[in-house]
1. Quick test for you: out of 288, 297, 284, 253, pick the one residue that is farther than 30 Å from residue 206 by Cα, in contact with a Gly (Cβ under 6 Å, 6 or more places away or on another chain) and not β-branched (Val, Ile, Thr).
2. Before we move on, is residue 237 open to solvent by 10 Å² or more (accessible area, probe 1.4 Å) and either part of a helix (DSSP H, G or I) or in contact with a helix residue (DSSP H, G or I) (Cβ under 6 Å, 6 or more places away or on another chain) (or both)?
3. Does residue 282 qualify as being over 29 Å from residue 25 (Cα atoms), more than 21 Å from the chain's Cα centre (by Cα), free of Cβ contacts under 8 Å to residues at least 24 places away in the same chain and open to solvent by 10 Å² or more (accessible area, probe 1.4 Å)?
4. Consider residue 298 carefully, then state whether it is touching a residue at least 40 places away in the same chain (Cβ under 8 Å) and either crowded, with 16+ Cβ neighbours inside 10 Å or not in a helix (DSSP H, G or I) (or both).
5. Answer yes or no as to whether residue 203 is buried (at least 21 other Cβ atoms within 10 Å of the Cβ) and more than 14 Å from the chain's Cα centre (by Cα).
6. Show the residue pairs that are 6+ apart or on different chains and have beta-carbon atoms under 9 Å apart, the first residue being within the stretch 225-238 and free of Cβ contacts under 8 Å to residues at least 40 places away in the same chain, the second being outside any helix (DSSP H, G or I) and not polar (S, T, N, Q).
7. Residues 313, 327, 341: which one is open to solvent by less than 70 Å² (accessible area, probe 1.4 Å) and either more than 24 Å from residue 166 (Cα to Cα) or not aromatic (Phe, Trp, Tyr) (or both)?
8. Got a number for residues in the stretch 12-27 being within 17 Å of residue 123 (Cβ to Cβ) and aromatic (Phe, Trp, Tyr)?
Amino acid sequence: MTSIAPELETFLDYSADLVRGGKRFRALFCYWGWQAVGAGRGEFDPLVADDAPVDLPAVVTAAAALELFHAAALVHDDIMDKSDTRRGAPAAHKRFEALHAEGSWLGSAADFGQSAGLLLGDLLLGWSDEMLGEGLARLASRQSAVAARLEFNTMRTQVTVGQYLDILEEKSWRSHPEVEQLPRSHRVIVYKSAKYSVEAPLAIGAHLGGASADQVESLRAFGLPLGIAYQLRDDLLGVFGDPEVTGKPAGDDLREGKRTVLIALARTKLPSNVRNLLDDLLGDSSLDRQQIVLLQDAVRESGAIEHVERIIDHNVALARTALETADITASARAQLFKLTDTVTQRQA
């Protein structure tokens, strides 16, 4: 790409930084979805060249494509949420903004940062699709490749409309009856995160391995509730997480005005005067530390945290039950049980 113009090296550097960090959950679920249907050796031990399944390079490439897709989603998400940081460092659009300011270029640094960030996200999105195509081309079975491609396409649509539903709720929640607040928040969780973070990567991996319809459905029965639990944990961290661990400012979701299940539950439990205060302050990007603590205390005292923890436990139980009865390999079942704990008990 730098053969076009040396200035484009910035895109490569920022892209590399985005995929260098993170927890690789989507890639892991894709790999173990593949292992789950017996496509690999069936044991979690090092693979040597002479012993590696023929489709392993295809699976690794597809898993990497999911990480590129995730990086694209993060860039776009930070712009929409006006988040200044990501993993303890400036968000991509803020890095472009700083580049503009350091060069004393014409116009608004913020506008340049946002425009360049959008283009970086689009570029990563395109690269993820290209990389998936490269992986699928290596797959021995064309039927498996078609099934994995359809799953990826569905995931891409769902996470995009889920993101729209998220920003829609932030702005339009007053237009809907109180009784709809919680189910609408839950709908955002399912389509913006749960399916995309766990269910779809598992299904893509399973399709890559030539899974039967029953095997895919059993992995979905595991993946969807686990994905819901994963996002509910993320919502708790977005309000109460330690900035030194999460890499995001304390109470960042409060400044962004996220209408999460946590907030929906808190609103049903708070007295009207405190609920009105929560509604007035939530989404104010200028909230100071004292106001953040005030809102955190209100949510904490409402009992909403304990309620969310019960919902997490319920969904983890559903996922574990589905995993216990799924027609998958023993090695994959063991690793997916471990991942269940990892994604729901994390601190970042």
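1. 253
2. Yes; evaluated as a whole, the condition is true for this residue.
3. Answer is no for this residue.
4. Answer is no for this residue.
5. Considered against the rule, which asks whether it is buried (at least 21 other Cβ atoms within 10 Å of the Cβ) and more than 14 Å from the chain's Cα centre (by Cα), residue 203 comes out as yes.
6. 238/248; 238/251; 238/258
7. When all the criteria are applied, what remains is 341.
8. Qualifying residue count, the stretch 12-27: 1.
The values are calculated or read from the model by the stated rules, or taken from the named source; none is laboratory data. Here the structure is a predicted model, which means the values were calculated and not measured. Here the Cβ is made from the backbone with ideal geometry for all residues, glycine too, and neighbour counts use every protein chain on show. The area values use the complete protein model at the heavy-atom level, side chains included, leaving out ligands, DNA and RNA. Shrake-Rupley method; radii C 1.70, N 1.55, O 1.52, S 1.80 Å.
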